[in-house]
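Just below is one structure, and these are the notes that go with it.
The values are calculated or read from the model by the stated rules, or taken from the named source; none is laboratory data. Quick caveat, the model's predicted, so the values are computed rather than measured. All Cβ positions, glycine included, derive from the backbone under ideal geometry; neighbour counts span all protein chains shown. These accessible areas exclude ligands, DNA and RNA; they are computed on the full protein's heavy atoms, side chains included. Shrake-Rupley method; radii C 1.70, N 1.55, O 1.52, S 1.80 Å.
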Amino acid sequence: MAKNTFIYDSDPYLAPYKEAIDARSARIEAEKEKIAVDGSLSKGLNNHLYYGLHRDADGGWVFREWAPNANRIYLIGEFNNWKRTSAYALTPTGGGNWEIKIPGMFLHHGELYKLFIEWPGGGGERLPSYVHRVVQDPVTKVFSAQVWEPEKPYKWKHKGPGARSHPLIYECHIGMSSEDEKVASFEEFRTNVLPHVEKLGYDTLQIMALQEHPYYGSFGYQVSNFYALSSRFGTPEEFKHLVDDAHGRGIAVVMDIVHSHSVDNEAEGLSLFDGREDLYFYSGSQGHHPAWGSRCFDYGKSETKYFLLSNCKFWMEEYHLDGFRFDGVTSMLYWDHGLGRDFIGYDNYFNAGVDENAVTYLALAAMLTKELNPDAITIAEDMSGMPGLAAPFASGGLGFDFRMAMGVADHWIKWLKEKSDEQWSMGEIWWELTNKRSDEKTISYAECHDQALVGDKTIIFRLIDADMYWHFKKGDENYAVERGIALHKMIRLLTASTINGGYLNFMGNEFGHPEWIDFPREGNGWSHKYARRQWNLVDNKELCYHYLGDFDKAMLDIIGKEKNIQKSPVTEIWHNDGDQVLAYSRNNLIFVFNFSYARSYTDYGFMVPQGAYDVILNTDAPAFGGHGLNDDSLRHLTNFDPLLARDGKGWLKLYLPARSAMVLRKAQEDEKTENK
């Protein structure tokens, strides 16, 4: 977008909403000025350094909490046998704040503690709102805060990997990353999975479930303690080692951060923290999510904004993270959380149904992230299509770097579920994969963790289903397996090569991990059988999984390393619904797809810049489980046609086997001649 161009200038459909967009920007700017110190948002956001448990200047401890509805607050724990005593009673300091100072000798690393808060008409044990470390008793399952002050703090070795203008994202969950039926650790992920990610060619990790959550089966989306790293995966030092190691390999680490809601648990979370329903949340029904059974933050409340924005700063400074993927943005943006609503028409984005408090908060969070680290990235998970979400703030947007292209995955599933192979329309596919706002970048994916959860199906399972169990051994492939392997590669190549920002894949889906994800729960006997990743499958050369994994690596090698591919537009060359053939170009690459299940084409031609072209990737190659019907060592020359030649173009004629795709690169000598 050109400098000083506003989103309503580049999109005429936004022109009627110019006043609303300008007013939105003014609100955000005004709120920034309220928070900022010397023009810096970061300087004004240090709640995490004030509240909670910290060392004070004389070597002792100071603990502070905000609980305006409290009558009394006691610090209880192993140090005083969990008793409420006057010696450990907090003192009110005004504005709803409470404080206690404790000599250093009375609290030690590893000790457990909590708060007991009394309020008018009741009281109860609570975990501090800014607690940095929470652990669960393996027997009683009760959560407690834990003093964390190791003798040897972690020493960072590597700097961040730099900017990610077009990230290739490996979405992952630490706990389910092991082959064993258990909760895996940070250290196991670092030593076993991180090298796999590097080898594949992904340059960004997007890690789920880092914030502490009482129910493991929530996939980390029912957060109780926003400042606490989930202890079920290991220690803060072990996580820092993982991040540091990733940086040393040139891999950025992005956190899947949950600020869209909070678990409604009272003993572990913020709900009724001091007996008051609306401490951090909206009051009444608006403070309760009707679908998730969780609490909804009041983003217009100053204390809530400071709590959440300081939370962003804490995670970046404490763990050297390279940005955030904000979960549940649609739920934040709209009073009805976007439930059961079709977002047709721009009025949806600028009427009374929008929570402008949340809009302001999200813009401030994006600003803060960039201020803390200009190379950091912010990704919004929004299915509503809110215009400007990923446009610069100076242009009337909210300032996120990327939005999730959720419609891409939805349409792949729709086509697989609702249409036979011969009904797939190349024009429809082209439109859905390339119809993106020119002023916003997206993260495209064929499937993420959502499609892998129990109750849904991954792409490979939709394609092959139970035949994966019986016919995935080399030499024993049946029609369903051959079709599945072919389309799995084609779907990913088409998705990854048409991105206007970044590409994402969920852990294991690159090689067609079988079955679903089902976390331990009462309904499955608390089993970890389906909450793990079977890496042995892709390592076994007697099975077909490695074909898909090897293809994913080869595909990313092109998408990630091909010079200027991301800076060039995705330009359609040809599509024909009857033939089910689609071709397009990016810079000096040409992508050709034949989705026909039964028809192969000889000398299939279309016009491209004259010259010579080499095949650099072919889904039908034997190395990727294909039939090898083309000789990919041959160089393809364009044919001059005096009747049709225009703009230096000629006919490129190819053999296109059924259900296959290829990528061709214009020969280097042609590129050098053009550049002279």
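Per residue, what volume in Å³ does the Cα convex hull of segment 384-519 take up?
Working: hull volume 16.5 nm³, N = 136.
Given the Cα convex hull of segment 384-519, per-residue volume reads 122 Å³.
Taking all protein chains together and a 1.4 Å probe, the residues 339, 49, 368 rank 49, 339, 368 from largest to smallest accessible area.
If you stretched the chain out fully between residue 637 and residue 435, how much longer would it get, using 0.36 nm times the residue separation minus the C-alpha to C-alpha distance?
On the way: separation 202, 0.36 × 202 = 72.72 nm, distance 3.18 nm.
Stretched out fully, the residue 637 to residue 435 stretch lengthens by 69.5 nm.
Residue 443 sits with roughly 0 Å² accessible to a 1.4 Å probe, with DNA, RNA and ligands left out of the calculation. Here's the list of lysines a cross-link from residue 419 could span, going by alpha-carbon distance under 17 Å and ignoring same-chain residues fewer than 8 apart: 457. Site pair residue 301 and residue 5 shows an inter-label distance of 4.2 nm when each label is modelled 7 Å from Cα along Cα→Cβ. With a Förster radius of 41 Å applied to the beta-carbon distance between residue 18 and residue 85, the computed FRET efficiency rounds to 0.10.
Extending 7 Å from the Cα toward the beta-carbon at both residue 422 and residue 249 defines two label points whose distance is 4.6 nm. Annotation for segment 134-231: trypsin sites (Lys or Arg not before Pro) lying in DSSP loop with at most 15 further Cβ atoms inside 10 Å of their Cβ are 141, 155, 157, 159, 182. Sorting 440, 418 by accessible area puts them as 418, 440; the probe is 1.4 Å, largest comes first, and only protein heavy atoms count. Against the chain, whose longest principal axis is taken from its Cα atoms, helix 545-561 shows a tilt of about 90°. Using a Cα-Cα cut-off of under 14 Å, which aspartates and glutamates could be cross-linked to residue 474, ignoring same-chain neighbours fewer than 8 residues away? Partners within reach: 482, 539, 542.
Close amide H partners of residue 649, meaning residues 5 or more places away or on another chain with modelled amide H under 5 Å apart, are 610.
Just subtract the alpha-carbon distance of residue 612 and residue 159 from 0.36 nm times their residue separation and send over the number in nm, one decimal. It would help to have the intermediate numbers written out before the result.
Numbers: separation 453, 0.36 × 453 = 163.08 nm, distance 4.24 nm.
Going from the current span to full extension adds 158.8 nm.
Counting charges near residue 188 (Lys, Arg +1; Asp, Glu -1) among other residues having Cβ under 13 Å from its Cβ returns a value of 0. Annotation: lysines with alpha-carbon distance below 22 angstrom to residue 83 (same-chain offsets under eight excluded): 101, 114, 141.
Shown here: segment 368-435, whose C-alpha atoms stretch 51, 19, 19 Å along the first, second and third principal axes, sorted largest to smallest.
Segment residue 627..residue 557, full-extension length gain: 23.0 nm, with 0.36 nm per residue of separation and the alpha-carbon distance subtracted. FRET efficiency for the pair residue 286 and residue 341, taken as 1/(1 + (r/R0)^6) with r the Cβ-Cβ distance and R0 = 22 Å, rounds to 0.85.
A Förster radius of 35 Å combined with the Cβ-Cβ distance from residue 601 to residue 199 puts the calculated FRET efficiency at roughly 0.50.
Which trypsin sites (Lys or Arg not before Pro) in segment 41-140 pass both tests, a DSSP loop state and at most 12 other beta-carbon atoms within 10 Å?
Listed in order of number, the matching sites are 83.
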